[in-house]
Amino acid sequence: KAGVTQTPRYLIKTRGQQVTLSCSPISGHRSVSWYQQTPGQGLQFLFEYFSETQRNKGNFPGRFSGRQFSNSRSEMNVSTLELGDSALYLCASAPTSGGLYNEQFFGPGTRLTVL
Amino acid sequence: GEDVEQSLFLSVREGDSSVINCTYTDSSSTYLYWYKQEPGAGLQLLTYIFSNMDMKQDQRLTVLLNKKDKHLSLRIADTQTGDSAIYFCAERGNYGGSQGNLIFGKGTKLSVKP
């Protein structure tokens, strides 16, 4: 089975621009979660999508948004980029959402640099 | 709120055992996880333990859970240079917007000297 794929792997943008990142989950997985990783804050949960609906959302401003398509692929968008948005954005897929045990499989991440 | 704490650095010699420690705050956590991140890569699930277990062993890895003290540890036996990476402890969130998703510690950078 192919793993979680994220595109692009690297991205450079300037302040004020917007960016869209893509994540393709493992075949058959219906849940996609997004995390932001920075040296200062570590790994922080952004949001989770399941069956095209946002199920959970972390503590991030409204500039961060996402969506999920019927084939479970997900995109996240960041508008009006700030320098502090420079981070590694990780996507994780899981077979379902919630439940007693629901292992998340992570993609390699998209490294976003905001200049 | 939920929080996971880990020490930031650990240095060991090749062949020694490594012990990475973690404390968490949410006593209702059902599963606790250890992830590994190598440079430039995403996270790889190493092992997990269910909250009703005290210990879990998987080849060179041993996880110990002290639920009373909310303390989790990962022991790597016969540590190799290929084990050099950042190790993250994580628990599943049970409250508010993070319900069902992972709450991570800041990560422990393990350096293995030959």
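The values are calculated or read from the model by the stated rules, or taken from the named source; none is laboratory data. These numbers come from a predicted model, not from an experiment. Every residue, glycine as well, gets a Cβ built from its backbone with ideal geometry; the counts of neighbours run over all protein chains shown. Just the protein is used for accessible areas: all its heavy atoms, side chains included, with ligands, DNA and RNA removed. Shrake-Rupley method; radii C 1.70, N 1.55, O 1.52, S 1.80 Å.
A few comments on the model shown:
- Neighbour net charge for A:PHE60 - beta-carbon separation under 14 angstrom, K R +1, D E -1: -1
- Rg in Å to one decimal, and Dmax rounded to a whole Å, for the protein assembly as shown via C-alpha atoms: 17.5, 50
- Residues in segment A:1-15 that a label on A:SER70 would reach, taking backbone N under 18 Å of a point 7 Å out along Cα→Cβ: none
- Distance violations [Cα-Cα > 27 Å] among A:LYS13/B:LYS113; B:LYS67/B:LYS109; A:LYS13/B:LYS36; B:LYS36/B:LYS113; B:LYS56/B:LYS106; B:LYS67/B:LYS113: A:LYS13/B:LYS113; A:LYS13/B:LYS36; B:LYS67/B:LYS113
- Under 5 Å between amide hydrogens, built in the peptide plane, is the criterion, and for B:ASN101 it picks out B:GLY93 among residues at least 5 positions away or on other chains.
- What the Cβ-Cβ distance of A:THR113 and B:LYS56 gives, at R0 = 25 Å and to the nearest 0.05, is a FRET efficiency of 0.05.
- Shielding of A:37-48 by partner chains, average beta-carbon count, 10 Å: 4
- In plain terms, the bigger the Kirkwood radius, the slower the diffusion; for chain A, with that radius from Cα pairs, at 25 °C and 0.890 mPa s, Stokes-Einstein puts D at 175 µm²/s.
- Looking at chain B, the pairs of alpha carbons with a distance over 23 Å make up 24% of the total.
- Spin-label pair A:THR5/B:ARG13, simplified geometry with 7 Å Cα→Cβ offset, distance in nm: 4.6 nm
- Between chain A and chain B, roughly 1700 Å² of accessible surface gets buried, counting both sides and using a 1.4 Å probe.
- Between A:SER51 and A:LYS13, the FRET efficiency estimated from the beta carbon spacing at R0 = 41 angstrom works out to 0.85.
- On the beta carbon distance between B:LYS68 and B:GLU5, with R0 = 22 Å, the FRET formula returns roughly 0.85.
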